[in-house]
Amino acid sequence: MFKQIFATYFLAILLFACSTPKQNISIQFKDYRIQQSDKKDSTLTAMLKPYSDNIHQSMNTVIGFSTKGLSKKQPESELGNFLADCMKIMAEEKFSQKVDAAFLNYGGIRSYLPKGDITTGNIYELMPFDNLVVLQQVSGKTLNQFLNKIAERGGWPVSGVKMQIKDKQAVNIFINNKPLEESATYTIANNDYIARGGDDCDMLKEIPVNNKGYLFRDAIIAFIKQLTKQGKPIEWKIENRITY
Amino acid sequence: MHRRKFLKETTLAGSALIASSILPFNSLYAAVKDDTKNISILHTNDVHSRLEPFPMDGSRNAGLGGVAARAALIKDIRQKTENVLLLDAGDIFQGTPYFNLYKGEPEIKAMSLMGYDAATMGNHDFDAGLENFANQLIHANFPIVVCNYDFNNTPMEGKYLPYTIVKKGKLKIGILGVGIEGKGLIPADLFGNTIYNNPIECANNAANKLKKEGCDLIICLSHLGDKYNDDKISDEILAKETYDIDLIIGGHTHKFFKEPRKYNNRKNKITLVNQVGWAGIQLGRLDYTFSKIKNKNLANSETVVIGGKSSE
């Protein structure tokens, strides 16, 4: 049966109120944990079946092909470059504007892409969070601070950026092959978690965010489908975007 | 088992002790026996499209939750209990591929089949747009209650209620809802023309109307979150600032409360807050027993006794 969690406290209060009728109220509470072994309702199971059949089928749908397994690594990895490029290209498409640089927090990548067929389910494992692709207009100075944070944390996936890590600081920074200018304004793409100051990225927190409710996971799936349509496999290289 | 027995005895002894401190125990007992009304409130929050149990992948929540098991449990409780109310505090949507593919349709259908009496809206219920949420309500046989979102000139216009009254047996239950501030949380293009109004003012106004309608119990479904470190409006603040809300069924912060929290409200009465985590892992239950005390010589009084349930 259902495992019941019994509460362990009790209190009694007596109150006086002139306007209300005399009343005694006693309250008891209980939490039921819904477990695998519990009996199932057949009506609900029947209602759900066409959806779940389709879901399981969709998760197993092959959307692309990877010539070799891609996994994450610091300071730079093939998987990281693939995802950061995907972020930049799909953000430009979704927001219809040029994006100077795109980023991903290293911890946000939760899995790897196996060699061979890539399914929708693989992408859900890779990116289970409902993180959104967002744009921010930042000064070169702020961008430098953000890149220093990336350096301090050992290097994150980047697109449109080339830099070196020296003493946990970003040096020799190039944005679109041009040296970073402190006074310039750059359009950067991030997931909303980082744009709102996650992973200690406080320098981004107060900067207005352009958000179209676009899930990064949906962007990855759409990007892979585009590649497949063009007859291209998922094949990405290390380009020394971030070096020590 | 011993602990449970001890608690049961403590509860009874405690009630008797307090009762006897102001009135003869016998007369209270007689009154309780005379006119008793019961309501069992079952509740969920932040189910986040978790229609199936968590997959059996060895993770912490593996095998937990799922609407088929929840429905069977609710059915079982309904067979054993006279007056049952089933409520949800929002974030019905988002979190599994079901939502990405079907945008909430099976979630709403499941809630209708389980016989939900009312639900409020969470921030993630805006995720596929307000028009989508409004469209999915075609599958709902229960009302969406929210009193502090003004949905005029949005697709939700005319498709929600600030509050509702549900009659169960001899009891009249008022149910209102409050939603969280969209700014910084809900993308502006999804929030659309929705106007966010102060939840405390709106909730107090709605609760006051429900009180005037003669409701025996007033429940607020809230997606404000239980409490915060700063002065952001929360269930805790609402509980302290309310006059007429007896119970706040909360959500948003995904907290598994060990027990309902109690606060002294503006009328110096008790307002309870409860929350049951997320994903439909747990179903919460609160059993209210109302007993009118008919001895006219006694001062007007209200006793609230809260104790863990000791048996099914």
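The values are calculated or read from the model by the stated rules, or taken from the named source; none is laboratory data. Quick caveat: nothing in here was measured; it's all calculated off a predicted structure. For neighbour counting, all protein chains shown are included, and Cβ atoms are generated from backbone atoms with ideal geometry for every residue, glycine included.
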Is segment A:62-72 home to any residue that is out of contact with any Gly (no Cβ under 6 Å at 6 or more places or on another chain), in a helix (DSSP H, G or I), surrounded by fewer than 16 Cβ atoms within 10 Å (Cβ to Cβ) and more than 7 Å from chain B (Cβ to nearest Cβ)?
no
Is segment A:119-126 home to any residue that is within 14 Å of chain B (Cβ to nearest Cβ), polar (S, T, N, Q), closer than 30 Å to B:GLU107 by Cα and part of a loop (DSSP other than H, G, I, E, B)?
no
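Condition check ((1) over 17 Å from A:ILE25 (Cβ atoms); (2) at pLDDT 95 or above) across all residues:
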site: B:LEU221; (1), (2): yes, yes
site: B:GLY225; (1), (2): yes, yes
site: B:ASP230; (1), (2): yes, no
site: B:ASP246; (1), (2): no, yes
site: B:LYS258; (1), (2): yes, no
site: B:ASN265; (1), (2): no, yes
site: B:PHE290; (1), (2): no, no
Residue selected from segment B:73-108 under the condition among the acidic types (Asp, Glu) and under 21 Å from the mean Cα position of the chain (by Cα), by the criterion surrounded by the fewest Cβ atoms within 10 Å (Cβ to Cβ)
B:GLU82
Residues that are buried (at least 18 other Cβ atoms within 10 Å of the Cβ): list the helices (runs of 4 or more DSSP H) wholly contained in segment A:143-244 that include at least 3 such residues.
A:192-195, A:216-229
Among the residues of segment A:96-116, is there at least one that is at negative phi, under 14 Å from the mean Cα position of the chain (by Cα) and part of a strand (DSSP E or B)?
yes
Could you count how many residues in segment B:113-128 are part of a loop (DSSP other than H, G, I, E, B) and either among the acidic types (Asp, Glu) or without any contact (Cβ under 8 Å) to a residue 60 or more places away in the chain (or both)?
5
Here is a check on your reading of the model: is B:ASP117 in contact with a helix residue (DSSP H, G or I) (Cβ under 9 Å, 6 or more places away or on another chain) and either within 11 Å of chain A (Cβ to nearest Cβ) or surrounded by 19 or more Cβ atoms within 10 Å (Cβ to Cβ) (or both)?
no
The lone exception for A:MET59 - which of (1) surrounded by fewer than 17 Cβ atoms within 10 Å (Cβ to Cβ); (2) among the hydrophobic types (A, V, I, L, M, F, W, C); (3) under 18 Å from the mean Cα position of the chain (by Cα) it fails:
(3)
Among residues of segment A:1-35 being at pLDDT 90 or above and in a loop (DSSP other than H, G, I, E, B), the residue farthest from the other protein chains (Cβ to nearest Cβ) is A:GLN35
Test B:ALA110 against the stated conditions and say whether it is within 14 Å of chain A (Cβ to nearest Cβ), in contact (Cβ under 8 Å) with a residue 12 or more places away in the chain and touching a Gly at 6+ places or on another chain (Cβ under 7 Å).
no
Quick count over segment B:212-243, residues being within 18 Å of B:LYS167 (Cβ to Cβ) and either without any contact (Cβ under 8 Å) to a residue 60 or more places away in the chain or of a type in the set (Lys, Arg) (or both), is 5
Checking the condition closer than 20 Å to B:GLY251 by Cβ, in a loop (DSSP other than H, G, I, E, B) and more than 14 Å from every other protein chain (Cβ to nearest Cβ), which residue from B:CYS202, B:CYS147 passes?
B:CYS147
Quick one: would you say A:ALA46 is of a type in the set (A, V, I, L, M, F, W, C), exposed (fewer than 15 other Cβ atoms within 10 Å of the Cβ) and in a helix (DSSP H, G or I)?
yes
Of residues in segment A:202-217 being over 15 Å from A:GLN137 (Cα atoms) and of a type in the set (A, V, I, L, M, F, W, C), the one modelled with the highest pLDDT:
A:PHE216
